[in-house]
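As C-alpha cells, the structure follows; a few thoughts come after it.
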C-alpha cells in the first residue's frame with residue numbers, strides 16, 4: 001500500500017435539539033458488513049506497513065519483557081477452609097493454572113514456602129497439589145479466552161467458573177466436582193460475570209445482562225437442576241442501575257447491590273434461608289451511596305456501612321443487623337482530607353482502607369467499641385497499598401498488596417496481634433534490577449482556575465540529566481473516580497532504560513484527592529479533565545523535563561477520550577497520542593440508550609438525549625466532532641472488534657475524520673478481542689511491545705538505549 005485506506009463517505013444525519021450533525025462514517029458500526037471488515041483489515045495492513053521499521057524494536061522489547069519475567073511462577077497461597085489456593089504459571093503457556101494444596105491443620109495460617117528450602121529455587125508447585133482448572137486447556141481451540149467468576153463451595157467440594165471466548169463479557173457458567181475433576185451437567189450461558197455459591201452449597205446465585213449489556217437481574221440456580229428452572233430473585237428496572245451479587249466474609253448474609261454512578265441500594269438475605277426474600281438495608285435516595293459489611297461487635301450482629309449521606313468523603317456508621325434503619329453509631333466520622341473507601345470485617349478485627357494526600361492507606365482496628373485505629377506505615381514518598389485475598393472470617397492476619405513505581409509488587413501478611421509485617425513474596429525481576437537506579441517524585445502543575453494538579457514521575461537517575469529534556473510518556477485517565485495509583489511495571493522498564501520519563505497526570509475526574517476531585521471533573525465540569533492534562537504537559541515542558549517534540553500522551557478507554565480531546569485542544573504540545581480502546585465518539589454513544597451501558601453513563605457525563613445544554617457541552621469536546629484543520633501529532637488508536645464497552649466504530653470514525661485533515665493517524669483493530677485487548681500473557685506482551693516501540697520512535701528515544709548511557713554518564717537528576 002502506498003496510501004492509507006480512505007473510508008467511503010455515506011450520508012448519515014444525527015438530529016437532536018435542532019442540531020444536525022452529518023456523520024459520514026456511521027456505517028462503520030455495521031460489524032457484520034463485509035465492507036466494514038475489509039476496511040478494518042485494510043487499516044491493519046496500513047498500520048503494519050507504517051510500523052514495519054519498528055519490527056526489530058518490537059521484538060527486542062518483547063524479549064526484554066519475557067526475559068525479565070519469571071515465566072514459571074506461583075502466587076502466594078491463600079487459605080480457604082482446609083486448603084491453600086493459588087495460581088501458577090508455566091513457561092511457554094499463555095494462561096494460569098488454578099490449584100490447591102491441603103493445610104496441615106486447623107492452626108495452619110502461615111502460607112507454604114514458595115522456594116525450595118535447600119536450593120533456594122522457586123517451586124513449580126506445592127506438595128500434594130490438586131489442579132482445579134487449567135486455563136490453557138479451557139482456552140484450546142479459541143482465539144480469545146477470559147476467566148470470569150471463580151468460586152469454591154464452602155466445603156471445598158465444588159468449583160464454579162465462568163468463561164468468555166468472544167471478548168464480549170458474556171460468560172458461560174460451569175460447575176465442576178473437585179473430587180472427580182469432571183464438570184456437572186449444570187451449564188448456564190450468557191451470564192454477566194458475577195456468580196457464587198451460597199454457603200450451604202445447594203444453590204448458585206448469578207447475574208445476567210439486558211440488551212444494553214447492563215447487569216440487571218440476579219438469579220438463583222439449584223445445583224443439579226436445568227437452567228430453565230432458575231428463579232429470578234431480583235430485577236432492577238431502572239436503566240441507570242446495575243446489579244451485583246455477593247456474600248459477607250462471615251457467610252452470614254448474601255448481598256445484592258444495585259447501584260448507579262451516584263446512588264446505591266443494598267439487600268441482604270440470611271444464608272440460613274437461601275430461598276427466602278432479600279430485604280433492603282437503606283432504601284435508595286438519589287445521590288446517596290453506601291456499602292455494607294457484617295461484623296460481630298461484642299457478641300452483637302452489626303452492619304458496618306460506609307456512606308456519603310452528609311459526608312462528601314464518606315464516613316462509617318454501625319447499625320444493628322436486625323434493625324438497619326434504626327439507631328446509628330459513628331465509629332469513624334467524616335474527616336477533612338480523608339476519603340474513606342472501604343471497610344472489611346473479620347471475626348476479631350476490622351480493616352479500613354482510605355485515601356489521604358493522594359495515596360492509599362490501610363488501618364486495622366479491633367472489633368470492639370472504642371478500639372483505637374492503627375495505620376500501617378510505609379516509607380516511600382509514592383506507593384499503593386490495599387488488601388488482597390482475605391477470604392476467611394477467623395484469620396489472624398491481613399493479606400496486603402504493596403507496590404510503587406520503583407518497588408515491584410509485594411505481598412505481605414500483617415499479623416494483627418503483634419503488628420508484624422511479613423513479606424511473603426516480591427515480584428521477581430530477572431536479569432537484575434536495582435531500585436536505586438530509579439527515582440520517583442511528585443510535581444504539581446497549576447490549572448487554569450488555580451487548582452494544583454499532582455503529577456507522578458519515575459525515571460532512571462543515570463539517564464535523565466537535569467536541564468536536558470528527555471523523551472516522556474504522559475499517562476492520564478480522569479473519569480469515574482478511578483485513581484491511577486503508583487505501581488511497578490516490568491514492561492515499563494523498557495521505556496525507562498531508554499532514558500524516557502514516565503509520568504501520570506492525576507487530573508480531576510479521578511479520585512486521587514477525594515470525592516470532590518471526581519465531582520469537579522465530571523458532567524458539566526468535564527472539560528477540566530482535559531485542561532488539567534494540558535497544564536500538566538505544559539508544566540513538564542516549562543520545568544525542563546521534556547519538550548513538545550519529545551512528549552507522547554497515552555490514555556485508554558475514558559482516558560482515550562481525554563487524549564483525543566487534548567489532541568484537538570493543544571496539538572502543539574505533543575509529538576504523539578497513543579489511544580487504547582478510546583471513547584472518542586462519546587456524544588453519539590451517550591445519545592443512544594440501546595447501546596451497551598449508555599443510560600448508566602448519564603450520571604457520569606450528563607443526559608444529552610433530553611438536555612440540550614448537556615448535548616451542546618458534549619458536542620464542544622467530543623474528539624470525533626471537533627477534528628479540524630491543524631497540525632496534529634502522530635496518532636495511534638488501538639481497539640478490539642468485540643469490545644462491548646467502547647465500540648470499535650468510535651476509533652474507526654476518529655481515524656477516518658483525522659485522515660480528512662491530513663493527520664498521520666493509524667488504526668489497529670484486534671479482530672478477536674474485547675475491551676481488555678488480546679488474551680494470554682505472551683499475546684499481551686507482544687501488544688505492549690508494539691505500543692512501546694511506537695512510543696519510543698515517536699518520542700525520539702534511542703531504540704536500544706545505546707549512546708544514551710554515554711551521553712548522560714556525567715549527570716544525575718537532582
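The values are calculated or read from the model by the stated rules, or taken from the named source; none is laboratory data. Just so it is clear, the structure is predicted and the values come from calculations on it, not from any experiment. For neighbour counting, all protein chains shown are included, and Cβ atoms are generated from backbone atoms with ideal geometry for every residue, glycine included.
Table: residues versus (1) buried (at least 19 other Cβ atoms within 10 Å of the Cβ); (2) under 27 Å from residue 201 (Cα atoms); (3) modelled with pLDDT of 95 or more.
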{"position": "275", "(1), (2), (3)": "no, yes, yes"}
{"position": "280", "(1), (2), (3)": "no, yes, yes"}
{"position": "283", "(1), (2), (3)": "no, no, yes"}
{"position": "287", "(1), (2), (3)": "no, no, yes"}
{"position": "299", "(1), (2), (3)": "no, yes, no"}
{"position": "306", "(1), (2), (3)": "yes, no, yes"}
{"position": "312", "(1), (2), (3)": "no, no, yes"}
{"position": "315", "(1), (2), (3)": "yes, no, yes"}
{"position": "320", "(1), (2), (3)": "no, no, yes"}
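Which ones in the range 516-528 are in a helix (DSSP H, G or I) and in contact with a strand residue (DSSP E or B) (Cβ under 6 Å, 6 or more places away or on another chain)?
Across the range 516-528, the qualifying residues are 517, 528.
Scan the range 390-417 for residues that are more than 30 Å from residue 492 (Cβ to Cβ) and in a strand (DSSP E or B) and jot them down.
397, 415
Look at residue 267 and say whether it is crowded, with 21+ Cβ neighbours inside 10 Å, under 28 Å from the mean Cα position of the chain (by Cα) and touching a residue at least 12 places away in the same chain (Cβ under 8 Å).
Yes; evaluated as a whole, the condition is true for this residue.
Taking the range 243-264 only, how many residues are under 27 Å from residue 160 (Cα atoms) and either within 26 Å of the chain's Cα centre (by Cα) or not assigned by TED's automatic domain parsing to the domain that holds residue 199 (or both)?
Within the range 243-264, residues that are under 27 Å from residue 160 (Cα atoms) and either within 26 Å of the chain's Cα centre (by Cα) or not assigned by TED's automatic domain parsing to the domain that holds residue 199 (or both) number 13.
Which of the residues belonging to the range 284-309 are in contact (Cβ under 8 Å) with a residue 12 or more places away in the chain and outside any strand (DSSP E or B)?
Within the range 284-309, 284, 285, 286, 287, 288, 289, 298, 308, 309 qualify.
With the requirement that a residue be over 17 Å from residue 399 (Cβ atoms) and assigned to a strand (DSSP E or B), what does the range 321-358 give you?
328, 329, 330, 331, 332, 338, 339, 340, 341, 354, 355, 356
Just name the residue that is nearest to residue 364 (Cα to Cα) out of those in the range 400-433 that are buried (at least 20 other Cβ atoms within 10 Å of the Cβ) and touching a residue at least 60 places away in the same chain (Cβ under 8 Å).
The residue in question is 413.
Just one of (1) in contact (Cβ under 8 Å) with a residue 24 or more places away in the chain; (2) in the same structural domain as residue 237 (by TED's automatic domain parsing); (3) not in a strand (DSSP E or B) trips up residue 312, so point out which.
(2)
Among the residues of the range 664-686, write down those that are buried (at least 21 other Cβ atoms within 10 Å of the Cβ) and modelled with pLDDT of 95 or more.
Residues satisfying the conditions are 665, 666, 667, 668, 669.
When you scan the range 22-58, how many residues do you find that are outside any helix (DSSP H, G or I) and under 15 Å from residue 656 (Cα atoms)?
The number of residues fulfilling the criteria is 4.
Exactly one of (1) touching a helix residue (DSSP H, G or I) at 6+ places or on another chain (Cβ under 7 Å); (2) in a loop (DSSP other than H, G, I, E, B) is unmet by residue 565. Its number?
(2)
Only one of 60, 13, 70, 3 is farther than 29 Å from residue 695 by Cβ and either surrounded by 12 or more Cβ atoms within 10 Å (Cβ to Cβ) or over 33 Å from the mean Cα position of the chain (by Cα) (or both). Can you tell me which?
13
What do you reckon, is residue 540 within 21 Å of the chain's Cα centre (by Cα), crowded, with 24+ Cβ neighbours inside 10 Å and in contact (Cβ under 8 Å) with a residue 60 or more places away in the chain?
no
Determine which member of the set 597, 573, 551 is touching a residue at least 12 places away in the same chain (Cβ under 8 Å) and closer than 30 Å to residue 35 by Cα.
Selected residue: 597, the only one of 597, 573, 551 that is touching a residue at least 12 places away in the same chain (Cβ under 8 Å) and closer than 30 Å to residue 35 by Cα.
Would it be correct to say that residue 625 is in a helix (DSSP H, G or I) and in contact with a helix residue (DSSP H, G or I) (Cβ under 7 Å, 6 or more places away or on another chain)?
Taking the combined requirement at face value, the residue satisfies it.
Out of 555, 509, which single residue is under 22 Å from the mean Cα position of the chain (by Cα), closer than 26 Å to residue 684 by Cα and either at pLDDT 95 or above or in the same structural domain as residue 615 (by TED's automatic domain parsing) (or both)?
555
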